[in-house]
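Here the structure is laid out as structure tokens; the discussion comes afterwards.
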């Protein structure tokens, strides 16, 4: 009885759901229309929220791999947009932003550029901790932090001269 669904419901929930559905069928015959959750709740003397929640459990789940119907070979998955996939305009904008960031990095002195590139994974480096960067370039962790702060302050000035802010770089 409780194994006919994609997501198994406990037997006591199935029994309660059946009471709600039976009442809905009876009201449907009486009223000549599909009863609302409010009408079912009134008939059963239950809160509307409980009835709505219970009726949502009866909604059918469809696999995204199921063919859409007819002679169509397409499945739902084939027509859903991938929200993580950037469109061509986003890709172009991202590429432009990367080029601008590289250009701005080269306006810093060599030490600031190297520290920021190593810290944030730019210019082909992997992102690294202050300690790792210090070890790689022969400076203390504290000195790397100071250079990072100086470099970020200088980048902020460069951006302000361009009429941009740090926040503008990270907008979606």
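The values are calculated or read from the model by the stated rules, or taken from the named source; none is laboratory data. Just so it is clear, the model here is predicted, and its values are computed rather than measured. When we count neighbours, we look across all protein chains shown, and the Cβ atoms used for this are built from the backbone with ideal geometry, even at glycine.
Worth pointing out:
- Screening 131, 136, 114 for residues that are assigned to a helix (DSSP H, G or I), closer than 21 Å to residue 100 by Cα, touching a helix residue (DSSP H, G or I) at 6+ places or on another chain (Cβ under 8 Å) and at pLDDT 90 or above leaves exactly one candidate, 114.
- Taken over segment 45-56, the criterion of being more than 28 Å from the chain's Cα centre (by Cα), over 12 Å from residue 17 (Cβ atoms) and surrounded by 14 or more Cβ atoms within 10 Å (Cβ to Cβ) is satisfied by 46, 48.
- Sub-9 Å Cβ pairs linking a first residue in segment 53-82 that is within 30 Å of residue 38 (Cα to Cα) to a second residue that is at pLDDT 75 or above and loosely packed, with under 10 Cβ neighbours inside 10 Å, at least 6 apart or interchain, are 57/7; 61/7, ordered by first then second residue.
- Restricted to segment 23-41, and to residues there that are part of a helix (DSSP H, G or I) and under 39 Å from the mean Cα position of the chain (by Cα), the residue that is surrounded by the fewest Cβ atoms within 10 Å (Cβ to Cβ) is 38.
- A single member of 158, 166 is at pLDDT 80 or above and more than 30 Å from residue 8 (Cα to Cα), and it is 158.
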